[in-house]
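Taking it in order: structure first as structure tokens, then the write-up.
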Amino acid sequence: MKRQTVRVAAAALLASGVTAATAVHAQWFGSKESKGIPLQQVADMLHAVMESDRTVYTQRVVNRLQNEEKVIQADEHFMDKKALPLPAQMFRFGAEKVAEKTKSFSYSLLSLWPVNKQNAPRTAVEKDGLKFVADNKGKNYYGEETLGGKKYYTAVYADVAVSPACVSCHNAHAETPRTDFKLDDVMGGVVIRLPMN
Amino acid sequence: MSRTVMLWLVWISLTVPAALFVLAAIVYGGNRSFLLIGKTSNGHHQIELACDACHISVFGGPEVLQDACVRCHGAELKAANDSHPLSKFTDPRNADRTAILDARHCVTCHQEHRPAITRAMGVTLPDDYCFHCHADIGEDRPSHEGLKFTTCASAGCHNFHDNRALYGDFLLKHADEPDQRETPRVVLVEFLKSRKDTIKVPRTLVATDADAPAVHRGDIDVVTAWAGDAHARTGINCSGCHTAKAEPARWIAAPGLETCKTCHADEARTFVEGKHGMRLRDGLMASHDGPLGLFRAAKLAPMTPGEARLPMKMDQTRTSLGCNTCHSAHHYDLATAKVERCAGCHDDTHTKAYFASPHYELFKKEVAGLAPKGSGVSCATCHMPPSETRRPDGSKSVFATHNQNDNLRPNEKMVRSVCGNCHGLQFTLDALADRALIASNFTGLSGVHIESIDWAQRRARERGEHRQ
């Protein structure tokens with residue numbers, strides 16, 4: 001009797017352990033949630049910060065100082081020309097810093113009409129996502145993809161021309177494949193990736 | 001005792017001490033040369049016995065080596081505005097590319113101890129590595145269609161890391177420059193002029209001011225040499241170098257790098273980054289303290305010309321390289337340090353040809369006072385050029401870098417820091433691409449023409465026409 005009680009207790013303990021482990025795994029890995037917050041919400045929060053900073057830099061720094069006050073230029077070769085970094089460069093520098101600090105997310109700025117061809121979409125989700133946000137203004141695109149054997153939750157957000165500086169610079173750039181951008185047009189997309197396992 | 005037991009005892013008595021010996025060499029040091037699994041590259045051979053300079057932990061794989069690479073080379077890559085930074089390859093969207101060529105790790109392209117496949121700049125990959133990511137370049141750049149991928153980095157057009165003098169807009173900006181600038185740009189001289197009013201020079205000292213204890217003041221030649229030299233002219237007395245603030249009573253007989261760097265911090269920092277001083281870099285140890293006092297912590301011995309892989313003069317093979325090797329104690333003559341000291345050890349074709357070159361003629365004129373300061377071209381002009389640094393308060397300072405390897409390879413690194421001060425870009429690119437001209441120390445004209453500026457101009461024209 002005593003032995004049977006021990007067996008039952010051990011089985012119960014094992015079962016509760018497995019249940020707890022499964023719950024923890026579901027909580028932390030492989031689910032569409034990150035530490036209790038849905039991945040979509042995490043991506044949206046990250047994007048809110050990125051988009052806000054990007055808009056502030058573009059409007060209050062570059063557009064104001066370059067286009068309105070005309071006191072300093074923004075230039076791709078800002079070191080050589082002692083100029084401001086372009087908004088897209090500013091954004092990428094942030095992405096590079098983040099990449100040095102953490103592997104828990106990554107982001108990039110891509111476009112169907114990239115000045116630098118390396119910033120054209122490469123993965124199927126990037127291609128679908130960029131097309132979706134360009135065709136469906138105001139909507140985001142969410143998908144999953146496996147890259148290098150790892151599964152990612154990938155969100156794509158429209159990158160919109162928020163100031164005349166965006167439009168004039170891109171339309172005039174020697175390497176641009178498109179020259180008819182207008183204010184508020186979707187010029188590309190921000191792609192945020194969160195590892196799922 | 002059975003034969004088997006005896007054999008076991010013999011085996012153990014031989015193997016265990018041997019294993020302990022090898023283990024002790026790995027962990028504590030000593031003569032580790034037998035541990036080298038292959039000849040080291042030219043960039044690292046000087047520090048090859050400080051194994052833990054690269055193998056910073058006995059555990060771990062590529063990440064450990066990567067940390068070591070970044071620890072020494074990270075800052076220079078950042079300064080070079082690295083065209084292929086790590087973040088480009090850690091981005092998951094490039095996972096398919098890194099599966100083919102794992103550019104997240106330096107050792108993918110720069111393997112060490114692999115002499116059979118090691119080429120210039122320590123590259124151990126086949127020269128067509130650009131293909132893996134830029135196979136479709138011909139679609140975007142018709143001018144590149146049909147070009148071999150082995151020529152990307154060998155035709156004076158692109159570098160993997162440092163393209164500061166090769167990017168399209170730079171080529172266009174400098175496209176029409178004459179071969180020779182009317183007046184050379186003398187960065188250091190101009191910087192010092194601009195700061196002339198802010199530099200406070202104490203009273204010039206004379207021989208009777210020497211504050212060395214009497215016991216060290218016996219050699220009148222030494223005192224006379226000091227009194228006629230830059231240190232006395234700028235108010236630096238004997239005690240300034242021969243004592244340390246922490247121990248003012250202790251007389252330092254032969255001040256070295258540790259003393260010099262208290263005033264010449266940038267020069268000292270860059271000296272240990274180059275091949276002359278890299279053995280003296282902090283943290284490079286030949287051995288560490290070990291059990292029973294069998295091992296003592298010791299830094300690597302300074303480099304000597306005899307250990308170099310370049311041709312050196314036989315009578316200098318044992319000279320230890322420190323500050324005073326080129327800047328003689330008490331006689332810090334810069335003109336001597338800029339040419340004579342270099343040629344005192346280096347015995348290669350390029351060095352020997354210098355004395356028949358137009359550059360040397362300019363240097364002689366400057367030294368003779370027949371040409372403006374800075375207009376002469378010495379060994380140091382090209383190999384230890386002015387370098388910019390920022391102080392913690394953000395202010396700019398210019399100094400002569402003492403890392404003479406910083407701009408050597410790929411030699412397009414010299415375009416901005418050196419050649420462009422006197423010559424136009426096309427003239428420079430052509431000259432740097434002509435190996436025979438380099439050997440003759442630029443006596444004559446280049447027999448090579450680099451087409452990158454032509455192509456950049458053509459591209460700009462085509463894009464302009466396309467836009468219209």
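What follows is calculated from the coordinates using simple rules that are stated; it is not laboratory data. The structure displayed is predicted, hence computed values, not measured ones. Ideal geometry is used to build each Cβ from the backbone, glycine not excepted, and the neighbour counts take in all protein chains shown.
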Review point. Which of the helices in chain B, when you take each full DSSP H run, stretch at least 27 Å along the axis at their Cα atoms and have an average Kyte-Doolittle score of 0.0 or higher?
Key: B:3-27
Exercise for review: Consider just the alpha-carbon atoms of the range B:31-163 and return their Rg together with their Dmax, both in angstrom.
Suggested key: 16.5, 56
Revision key, fill the gap. Net charge near A:GLY148 (other residues with Cβ under 15 Å of its Cβ; Lys, Arg +1; Asp, Glu -1) is +3
Review point. Under the classification rounded if a/c is under 1.5, otherwise prolate if a/b is larger than b/c and oblate if not, where does the protein assembly as shown fall, given a ≥ b ≥ c as square roots of the Cα gyration tensor eigenvalues?
Key: oblate
Exercise for review: Pull up all non-local amide H partners of B:HIS423: gap of 5 or more, or a different chain, and H-to-H distance under 5 Å with H placed in the peptide plane.
Suggested key: B:ARG181
Review point. Once you sort the root eigenvalues of the Cα gyration tensor of the range B:356-412 as a ≥ b ≥ c, which label holds: rounded (a/c under 1.5), prolate (a/b larger than b/c) or oblate (the other case)?
Key: oblate
Check your understanding: Which of the peptides B:253-259, A:157-163 is most tightly packed, and how do the rest follow, going by the mean number of other Cβ atoms within 10 Å of each residue?
Key -> A:157-163, B:253-259
**Study point:** Whole-Hz ³J(HN,Hα) from phi, Karplus 6.51 cos²θ - 1.76 cosθ + 1.60, for the range B:295-310, glycine and proline x
**Key:** 10, 10, 4, 8, 7, 5, 6, x, 5, 10, x, x, 9, 6, 9, 9
Check your understanding: List the aspartates and glutamates whose alpha-carbon lies under 18 Å from that of A:LYS82, not counting same-chain residues fewer than 8 positions away?
Key -> A:GLU69, B:ASP169, B:GLU388
Practice item. Could you check the simple spin-label distance between B:ASP282 and B:GLU465, using points 7 Å along Cα→Cβ, in nm with one decimal? Key: 5.9 nm
Study note, to complete from the structure: Between B:ASN81 and B:LEU294, Cβ-based FRET efficiency (R0 60 Å, step 0.05) works out to 0.80
Practice item. Could you estimate the translational diffusion coefficient of chain B from the Stokes-Einstein equation, with Rh from the Kirkwood formula over C-alpha pairs, at 37 °C and 0.692 mPa s, in whole µm²/s? Key: 126 µm²/s
Check your understanding: For labels at A:ASN197 and B:ASN405 in the simple 7 Å Cα→Cβ model, what's the distance in nm?
Key -> 4.4 nm
Revision key, fill the gap. Two pseudo-spin positions, 7 Å from Cα along C-beta at B:PHE21 and at A:GLU175, lie apart in nanometres by 5.9 nm
Check your understanding: Kirkwood-based Rg over Rh for the range A:31-195 (C-alpha set), two decimals?
Key -> 0.98
Review point. Hey, what do the phi angles of the range B:246-263 turn into as Karplus ³J(HN,Hα) couplings, whole Hz, using 6.51/-1.76/1.60 and θ = phi - 60°, x for Gly and Pro?
Key: 5, 9, x, 7, 8, 8, 8, 5, 10, x, x, 3, 4, 6, 4, 6, 5, 10
Revision key, fill the gap. Taking the reciprocal of mean 1/r across every pair of different Cα atoms in the range B:187-422, the Kirkwood radius in Å is 20.0 Å
Revision key, fill the gap. Sequence order, the range B:104-116: Karplus ³J(HN,Hα) from phi using 6.51 cos²θ - 1.76 cosθ + 1.60, θ = phi - 60°, Hz rounded, Gly and Pro as x, gives 6, 10, 4, 5, 4, 9, 10, 6, 9, 6, 10, x, 5
Check your understanding: Which of the pairs B:LYS352/B:LYS396; A:LYS101/B:LYS275; A:LYS81/B:LYS261; A:LYS81/B:LYS196; A:LYS103/B:LYS78 have their Cα atoms more than 25 Å apart in this structure?
Key -> B:LYS352/B:LYS396; A:LYS101/B:LYS275; A:LYS81/B:LYS261; A:LYS81/B:LYS196
Exercise for review: Scan around A:LEU84 for amide H atoms under 5 Å from its own, H built in the peptide plane at 1.01 Å from N, and keep only partners 5 or more places away or cross-chain.
Suggested key: A:GLN73, A:ALA74, A:ASP75
Check your understanding: Amide H to amide H, which residues 5 or more places from A:ASP159 or on other chains are under 5 Å from it, using H placed in the peptide plane?
Key -> A:MET187, A:GLY188, A:GLY189, A:VAL190
Point to revise | Label-zone membership for the range B:298-321, site B:PHE355, 7 angstrom Cα→C-beta point, backbone N under 18 Å | key: B:311-317
